[in-house]
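The values are calculated or read from the model by the stated rules, or taken from the named source; none is laboratory data. In this text the structure is predicted, and so the values were computed from the model without any measurement. Cβ placement follows ideal geometry from the backbone for every residue including glycine, while neighbour counts extend to all protein chains displayed.
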Amino acid sequence: MEPQDLLGALWRQRLLVLGVFVVVGLATVIGVSIAPKSYTASATISAAQNPDSPPATDDLDALRGTIGELANSRAVVDAVRADLDVDRSADELRRSIDGSWVEGTVLIEIVVHDGDPEVAAKIANLVASELPRNSPVNGTFVFTTTTPARPPVTYSSPNLVLAGAAGLVAGAVLACLFAVARDRRRLTVDHGRIAEEAADAPLLAHVAPPHDLTALPALYPGTAAADVFRHLRLSLEAEGSRDPVDLVVVAGVGPGEVNIWLGANLAISLASVGRRVLLVDGRLDARSGHQPSPHRDGLFGVLDGLPLEDAMMDGPIEGLSVLPSGDAQGRSAEVLIETKWGDVVAAARLAFDVIVVLAPPMDISDDARVMAASGSLLMAVPEGTVSVAALRAHSDRVRSVGGRLLGLVLVGHRAERVPV
C-alpha cells in the first residue's frame, strides 16, 4: 500500500482512528493507575582520601567501586533491616539497593527502589551510614554524606514517558490496521490503482459507456470512440504476449449490460485486424440477463450436441461470427455449462483465433468463472459501486478454478485511456 493510500484510509476513517486513540489512551491511563508503583530515592557519600593515612598503594577509584558494590552486601542489609521500622525481607532489600562509584569523582551513589517513598529514602540514608562501617579499607578514606536521600515526589515505575510513548505507538499501529481493514471493506473502487491492488490485475482501460449500450463504435475505425477499443485490444495483446489469449470471457460486476457493450466492441476490434473471432452470448440463465431468443439452438443447442457451425450466424463485420444464447427448451444451463462447456471451447478453438464470451454478472452467477477456467477473464468494474472487498473476492474466485484474470476495465462517467 502506498503512503498516500494509507493517509487516505486514515482520513476516511478518521472517526474510527480517533476512537482507537481514545480507547488506547484510556487503557494506558488505567493500566498506569493500577500498576504497582515503585519510588526511587538516592543518597550520595564522598570517599575522600584520608590525609593522615599512609600513601595508598592501590587504585583508589577501584576501591571506591568495591565499596559501592558492598551497598547490598549481607552485612549492610542486616544492619539496615535491624534499624528499619517496617518489615522488609533481606532478599527484598538486597534487590532494592544498588551502589556504585560515580566515575571521575570521589562520590559513591546509593540508589534504592521501594513501593513507599518514605521507606525508600530511609533505606538509602541507612545504607549511607552503614556502608562506611563495613568498608574493607579502614583509614584509607574519610566518608561524608554529601547528599542525604529525600522522599521522591512521584513514582519512577511505571515510567510515564515510556508508557505514554508505548500507548501512542500502539494507538497508531492499531488505528492504521483498523482503518485499512474497515476502509477495504467499505471503500468502493473509484480509482485505477485501487482496482489494480484489489484484483491484483492490470487496469487495461477506463471508459465511459454511451447512453445507448447497443451502439457499436468499433465499427467506425478512426473515430475517438473506436480508438478506445483499439487501445483495449492492444492492451489485451500486450498482456497475452507471453501466453497468447484465445478465450476471453467478458463479465461485469453488478447489474447492467456494460460488459455486453465492451465484449461486442472488443470482438469487432479484433476482427477488424484480420482475426477470426467468435462472439458467444453466454447469458443462459434468466437471472443473468437471458431472454427468449428467436434462434432456438444457439449456445444451448451446441452444449446439447449440435455442431457449432449449425448454430452460428454472421456478424456485422467480416471475420466475426456470432453464437447467440438460443432457447433453453427446458434444459438446465448450469449443468450444461459445467459438463459440456469445455467441448464447445475445444471445437471453437479449431475454427477461430479468438473466442469472446459475453458472460453473466459475476455477483449473480458462477457461469463466468466456470467459462474462464480454460482461458482468461476480462472484468468490467463500474466505478464507485463495487467495494474493494467484493472485487478482491471475485478475483480470487476466478483464480480458484484455474482461470486467468487478464485485466480490468473501469467503467465510469469520465473516460480515461490507459497507455499500452
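List pairs: first residue in region 263-284 and over 18 Å from Gly252 (Cβ atoms), second residue among the aromatic types (Phe, Trp, Tyr) anywhere in the structure, Cβ distance under 8 angstrom, at least six positions apart or on different chains.
If the second residue must be among the aromatic types (Phe, Trp, Tyr), the pairs left are Ile268/Phe229; Ser269/Phe229; Arg276/Phe352; Val277/Phe352; Leu278/Phe352.
Can you name the helices (runs of 4 or more DSSP H) wholly within region 298-416 that have at least 1 residues being without any contact (Cβ under 8 Å) to a residue 40 or more places away in the chain and on the phi > 0 side of the Ramachandran plot?
298-303
Tell me whether region 14-35 contains one or more residues that are modelled with pLDDT under 90 and among the basic types (Lys, Arg).
Yes, the conditions are met somewhere in region 14-35.
Among Pro152, Pro117, which is surrounded by 14 or more Cβ atoms within 10 Å (Cβ to Cβ), within 18 Å of Pro36 (Cβ to Cβ) and not assigned by TED's automatic domain parsing to the domain that holds Gly65?
From the options Pro152, Pro117, the qualifying one is Pro152.
Please pick out the residue among Gly104, Gly68 that is free of Cβ contacts under 8 Å to residues at least 24 places away in the same chain and under 22 Å from Phe141 (Cα atoms).
Gly104
With the checklist (1) more than 18 Å from Ser38 (Cα to Cα); (2) buried (at least 17 other Cβ atoms within 10 Å of the Cβ); (3) hydroxyl-bearing (Ser, Thr, Tyr) in hand, flag the one item Ser96 doesn't pass.
Ser96 satisfies all of (1) more than 18 Å from Ser38 (Cα to Cα); (2) buried (at least 17 other Cβ atoms within 10 Å of the Cβ); (3) hydroxyl-bearing (Ser, Thr, Tyr) except (1).
Is it true that Ser38 is free of Cβ contacts under 8 Å to residues at least 24 places away in the same chain, within 28 Å of Gly167 (Cβ to Cβ) and among the small types (Gly, Ala, Ser)?
no
Just give me the residues in region 71-95 being among the hydrophobic types (A, V, I, L, M, F, W, C), more than 21 Å from Val106 (Cα to Cα) and touching a residue at least 12 places away in the same chain (Cβ under 8 Å), in sequence order.
Those that are among the hydrophobic types (A, V, I, L, M, F, W, C), more than 21 Å from Val106 (Cα to Cα) and touching a residue at least 12 places away in the same chain (Cβ under 8 Å): Ala75, Val77, Ala79, Val80, Leu84, Val86, Ala90, Leu93.
For region 129-149, which residues satisfy the criterion of being exposed (fewer than 15 other Cβ atoms within 10 Å of the Cβ) and free of Cβ contacts under 8 Å to residues at least 40 places away in the same chain?
Of everything in region 129-149, just one residue is exposed (fewer than 15 other Cβ atoms within 10 Å of the Cβ) and free of Cβ contacts under 8 Å to residues at least 40 places away in the same chain, namely Asn138.
Is it fair to say Arg133 is in contact with a helix residue (DSSP H, G or I) (Cβ under 9 Å, 6 or more places away or on another chain), basic (Lys, Arg) and at pLDDT below 90?
For Arg133, the condition - in contact with a helix residue (DSSP H, G or I) (Cβ under 9 Å, 6 or more places away or on another chain), basic (Lys, Arg) and at pLDDT below 90 - is met.
Only one of these conditions is not met by Leu131: (1) in contact with a Phe, Trp or Tyr (Cβ under 9 Å, 6 or more places away or on another chain); (2) more than 30 Å from Gln49 (Cα to Cα). Which number is it?
Condition (2) is where Leu131 drops out.
Here are the criteria: (1) touching a Pro at 6+ places or on another chain (Cβ under 7 Å); (2) at pLDDT 90 or above; (3) in a helix (DSSP H, G or I). Tell me which single one Glu196 does not satisfy.
(2)
Within the group Asp212, Asp200, which residue is surrounded by fewer than 16 Cβ atoms within 10 Å (Cβ to Cβ), in the same structural domain as Asp343 (by TED's automatic domain parsing) and without any contact (Cβ under 8 Å) to a residue 24 or more places away in the chain?
Asp212
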